[in-house]
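Colleague: Have a look at this one before I ask anything.
The values are calculated or read from the model by the stated rules, or taken from the named source; none is laboratory data. Predicted model only: the values in this text are computed from it and were never measured. Cβ sites come from the backbone with ideal geometry, for glycine too, and all protein chains shown count toward neighbours.
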């Protein structure tokens, strides 16, 4: 189990580094601090806002269960979609 944890940590660190390198290679005026590593894993290093957090964690209009993180690399759960899937709302 320890090997698996170490592997997951290394992958996470690698994704963060890849996202930062992707942004730092751009011209400073072209840096958005959001995107996707290899076009697959989303990242967003902009300062979190309440509106963005709400749109990711509870978005009744988004059909996706997994949406990009409010801050960082990877995905988070759209709780509104989860609630609909388990018929709570």
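Colleague: For the stretch 75-89, give me each residue that is surrounded by 15 or more Cβ atoms within 10 Å (Cβ to Cβ) and assigned to a loop (DSSP other than H, G, I, E, B).
Modeller: 78
Colleague: Does residue 47 fit the bill of being surrounded by 12 or more Cβ atoms within 10 Å (Cβ to Cβ), outside any strand (DSSP E or B) and on the phi < 0 side of the Ramachandran plot?
Modeller: no
Colleague: Additional query: If you check every pair at least six apart or on different chains, which have Cβ atoms under 7 Å apart with a residue in the stretch 10-23 that is on the phi > 0 side of the Ramachandran plot first and a residue that is at pLDDT 95 or above second?
Modeller: If the second residue must be at pLDDT 95 or above, no pairs are left.
Colleague: If you don't mind, another one. Since residue 59 meets every condition but one in (1) in a loop (DSSP other than H, G, I, E, B); (2) exposed (fewer than 15 other Cβ atoms within 10 Å of the Cβ), which condition does it not meet?
Modeller: Of the numbered conditions (1) in a loop (DSSP other than H, G, I, E, B); (2) exposed (fewer than 15 other Cβ atoms within 10 Å of the Cβ), the odd one out for residue 59 is (2).
Colleague: Still on this model: Would you check if there is a residue in the stretch 69-76 being touching a residue at least 40 places away in the same chain (Cβ under 8 Å) and touching a helix residue (DSSP H, G or I) at 6+ places or on another chain (Cβ under 7 Å)?
Modeller: yes
Colleague: Determine if the stretch 27-42 includes at least one residue that is surrounded by 14 or more Cβ atoms within 10 Å (Cβ to Cβ), modelled with pLDDT of 95 or more, more than 14 Å from the chain's Cα centre (by Cα) and assigned to a helix (DSSP H, G or I).
Modeller: There is no residue in the stretch 27-42 that is surrounded by 14 or more Cβ atoms within 10 Å (Cβ to Cβ), modelled with pLDDT of 95 or more, more than 14 Å from the chain's Cα centre (by Cα) and assigned to a helix (DSSP H, G or I).
Colleague: Can you confirm whether the stretch 16-26 contains a residue that is modelled with pLDDT of 95 or more, touching a helix residue (DSSP H, G or I) at 6+ places or on another chain (Cβ under 8 Å) and not in a loop (DSSP other than H, G, I, E, B)?
Modeller: Scanning the stretch 16-26 turns up no residue that is modelled with pLDDT of 95 or more, touching a helix residue (DSSP H, G or I) at 6+ places or on another chain (Cβ under 8 Å) and not in a loop (DSSP other than H, G, I, E, B).
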